[in-house]
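Below is one structure, written out as structure tokens; comments come after it.
The values are calculated or read from the model by the stated rules, or taken from the named source; none is laboratory data. Fair warning: this is a prediction, and the values are worked out from it, not measured in the lab. Methodologically, a virtual Cβ is constructed for each residue, glycine included, from the backbone with ideal geometry; neighbour enumeration extends over all protein chains shown.
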Ligand code: ADP
Ligand code: MG
């Protein structure tokens, strides 16, 4: 049952005048686009602009009406669709792990279908768990429902990489996650990207995500490709108002000195608050239920510190109160300058800070060096 490798690496993916219609409406119209081997290309644009359709024409989950898609100059029409799909990883928002299968079995599914032996599968699964920062011993025998949304998303990425495909297709993979976690995963994903040197096509509607992750960004609107270029090209030479609006040049790229913490913070949510009296397991359950990976511990309105889901994973063995586990963090005010806040955070190596106003939390600041460089 072994599927032959179609390509060891991607040199290019070319859309040649590709059109897809539903009834009389264009989903994608006259698309000409070349994705280069080894790059992370972002597809961004309003809902319904044709991003998902474009992505799915690469693995033939959707067939175009006219034009062709070529990978390394091979017309995908001439390739068997199942074989084509086994040669690329596909990650979506609600990753659809099989609930009755362990994490290990979920990740090892395709290798098993491909007839790998047990030891080789387990070795691969452990390597992949480690790669997505989930301790293999802790996670391999768990079931999906025992994991938070962020942890499940990591498993989804591990599963997509099971066969070590040279190409990853990702459709809003972080879209359903809370904003803090999303930024963390983006940052980690950046490391993944550097390490693995794969070709990645990544759909998002979040321009910050696009600017942080993308080597190049393709902007779509109403079934058409409007502009493709590096983040700098889009920011400094937008082809029209719509692109300028999407990259939001005015708001994000005004001079650093004038930016306040409130301009860049994420909104605070009540679910981020945990009471200091909770034990670690109860806190982990509550965070899983709320689908958050970071929380702040308060005692009678007073901030004790922060907690991440990872800090709580050993709750059963250790059975501790979260007031003991909370780690210190910095707080700032909404009108503090971003430059000041980030340099303070950098000095103490923290990437998360709480924004307080009149002793109440109002926001969360997540440092992001890459975005900063762009500003
Ligand atoms: P995006 O991913 O950018 O939100 P899509 O590629 O999913 O957009 O969709 C592009 C357009 O095609 C939209 O107008 C959408 O309503 C339409 N469309 C997508 N799939 C179908 C379908 N199966 N049947 C009819 N119309 C569809
Ligand atoms: Mg979509």
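Residues in region 1-26 that are within 16 Å of ligand 1 (Cβ to nearest atom) and closer than 19 Å to residue 81 by Cβ: 15, 18, 20.
Residues that are over 19 Å from residue 32 (Cβ atoms), assigned to a helix (DSSP H, G or I) and modelled with pLDDT of 85 or more within region 232-241 comprise just one, 241.
Checking region 340-352 against the condition returns no match, with no residue being in contact (Cβ under 8 Å) with a residue 40 or more places away in the chain and either in the same structural domain as residue 207 (by TED's automatic domain parsing) or on the phi > 0 side of the Ramachandran plot (or both). Screening residue 28 with (1) more than 15 Å from ligand 2 (Cβ to nearest atom); (2) over 30 Å from residue 149 (Cα atoms) gives one miss only, at (1). Within region 59-100, being in a loop (DSSP other than H, G, I, E, B), free of Cβ contacts under 8 Å to residues at least 40 places away in the same chain and surrounded by 15 or more Cβ atoms within 10 Å (Cβ to Cβ) holds for 60, 61. Restricted to region 35-52, and to residues that are within 13 Å of ligand 2 (Cβ to nearest atom) and more than 19 Å from the chain's Cα centre (by Cα), which residue is nearest to residue 82 (Cα to Cα)? The selected residue is 50.
Go through region 164-177 and give me each residue that's more than 18 Å from residue 52 (Cα to Cα) and surrounded by 18 or more Cβ atoms within 10 Å (Cβ to Cβ).
165, 166, 177
The set of residues in region 318-359 that are in contact with a helix residue (DSSP H, G or I) (Cβ under 8 Å, 6 or more places away or on another chain), at pLDDT 85 or above and surrounded by fewer than 13 Cβ atoms within 10 Å (Cβ to Cβ) contains only 335. So how many residues does region 134-176 have that are within 16 Å of ligand 2 (Cβ to nearest atom) and more than 30 Å from residue 14 (Cβ to Cβ)? Result for region 134-176: 1.
Please specify each residue of region 101-130 satisfying the condition of being within 23 Å of residue 145 (Cβ to Cβ) and touching a residue at least 40 places away in the same chain (Cβ under 8 Å).
Step one: filter region 101-130 for residues within 23 Å of residue 145 (Cβ to Cβ), giving 101-110, 112, 121-122, 125-126, 128-130.
Correct list: 101, 102, 103, 106, 107, 108, 109, 110.
In region 194-223, what residues are more than 16 Å from ligand 1 (Cβ to nearest atom), assigned to a helix (DSSP H, G or I) and in contact with a helix residue (DSSP H, G or I) (Cβ under 7 Å, 6 or more places away or on another chain)? Hits for region 194-223 are 208, 211, 212, 213.
Going by the structure shown, is residue 7 closer than 18 Å to residue 164 by Cα and either within 16 Å of ligand 2 (Cβ to nearest atom) or not assigned by TED's automatic domain parsing to the domain that holds residue 115 (or both)? Yes: the conditions hold for residue 7.
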